[in-house]
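Participant: Once you've had a glance at the structure underneath, I'll fire off some questions.
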Amino acid sequence: MTAIPTLAVFKFASCDGCQLSLLDCEDELLAVADMVQIANFPEASREVAPGPYDIVLVEGSITTRHDAERIREVRRQTDVLVTIGACATAGGIQALRNWSDVDGFVQQVYAHPDYIDTLATSTPIADHVPVDFELRGCPVNKYQLLEVIAAYLHHRRPNVSRHSVCLPCKRKGNVCVAVAHGTACLGPVTQAGCGAICPSYHRGCYACFGPAESPNVGSLVDHLRGEGVEPGDLVAMLRGFNAWAEPFRSASDRIEEGSRA
């Protein structure tokens with residue numbers, strides 16, 4: 001890295017929420033600003049310094065040919081590339097297009113469909129270029145984001161837990177919504193990071209932070225089916241913010257195939 005490390009933030013197809021998580025750090029952001037030169041961060045500054053950069057944070061998925069070319073150029077300009085959020089790590093909610101007729105959507109929504117140039121799929125950044133670290137969440141946890149930045153500034157691996165939501169849920173003393181109330185919950189297969197918000201308010205987990213490490217999605221699906229959850233509802237549960245993440249994608253595909261058999 002250079003004497004004053006440079007940090008750049010790039011946006012692709014997304015809502016900007018994960019970039020805003022960095023701005024939400026407030027006081028902590030001042031410490032980050034003292035450690036790096038923010039070279040490119042349109043949400044925070046008009047300054048745009050040319051690359052190469054030491055650390056690049058990338059939000060958003062690849063949905064156009066132009067963006068597929070742009071991410072390759074971003075990769076060439078950085079030492080460390082970190083993807084942040086469900087869109088960048090799993091295609092985001094817009095990856096629902098991957099199971100649908102995108103041309104049909106374009107024809108129905110736009111008055112002049114010929115102006116629209118888009119891919120049939122929404123895919124994560126790692127499908128297009130090598131990624132050094134994936135930070136999940138919709139949006140990401142701001143403290144995890146700070147940890148990732150600090151880790152690479154100090155030349156170490158980020159300390160971001162990959163365990164499931166069930167661990168923080170139990171630590172908070174929550175009664176399990178699945179066991180006590182029969183609520184369909186994806187917590188056992190979802191990576192922690194949200195503080196178990198939904199189960200804390202007696203709701204099932206929506207898998208905002210994507211699959212946990214080595215998730216047994218098939219076993220959870222079998223359990224939920226045994227509890228009376230319909231196949232269509234299971235598919236809808238798995239096809240949320242992280243629908244294109246492989247463990248969720250393959251499980252939802254198997255359910256659909258089984259329903260058609």
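Participant: Of the candidates 188, 247, 113, which one comes out as most mobile in a Gaussian network treatment of the chain with C-alpha springs shorter than 10 Å?
Facilitator: Looking only at 188, 247, 113, the biggest GNM fluctuation is shown by 113.
Participant: Restricting to bridges with both residues inside the range 20-167, how much of the DSSP beta-bridge set is antiparallel, in percent to the nearest 5? Mind showing how you got there, number by number?
Facilitator: Numbers: 3 of 12 bridges.
Expressed as a percentage, antiparallel bridges in the range 20-167 total about 25.
Participant: Please report Rg (one decimal) and Dmax (integer) in Å for the Cα set of the chain.
Facilitator: 19.6, 61
Participant: Given the peptides 99-110, 44-55, 59-70, arrange them by the average over their residues of other C-beta atoms within 10 Å, most packed first. Before the final figure, lay out the partial values.
Facilitator: Values: 99-110: 11.9, 44-55: 14.4, 59-70: 19.8.
With the highest mean Cβ count within 10 Å placed first, the list reads 59-70, 44-55, 99-110.
Participant: Nearest 5 is fine: what % of DSSP beta bridges in the chain come out antiparallel, could you say?
Facilitator: Working: 6 of 23 bridges.
Beta bridges within the chain, antiparallel portion: roughly 25 percent.
Participant: Also: Apply the a/c threshold of 1.5 to the C-alpha gyration tensor of the range 6-153 and tell me whether it is rounded, prolate or oblate.
Facilitator: Prolate is the answer for the range 6-153, as a/c is 1.5 or above and a/b outweighs b/c.
Participant: Separate question: Classify the range 117-232: rounded, prolate or oblate, from the alpha-carbon gyration tensor (a ≥ b ≥ c, eigenvalue square roots; a/c under 1.5 rounded; otherwise prolate if a/b is larger than b/c)?
Facilitator: Values: a/c = 2.43, a/b = 1.40, b/c = 1.74.
Taking the square roots of the gyration eigenvalues as a ≥ b ≥ c, the range 117-232 is oblate.
Participant: Another one. Compute the relative contact order of the chain as a whole-number percentage, counting only Cα pairs closer than 8 Å that sit 6 or more residues apart in sequence.
Facilitator: 17
Participant: Another one. At a Cα cut-off below 20 Å, give the lysines reachable from residue 11, other chains included and same-chain residues fewer than 8 away excluded.
Facilitator: 142
Here, each number is a calculation from the coordinates, and none is a lab measurement. Since the structure is predicted, the reported quantities are computational estimates derived from the model, not experimental observations. So basically every Cβ, Gly included, is an ideal-geometry build from the backbone, and we count neighbours across all protein chains shown.
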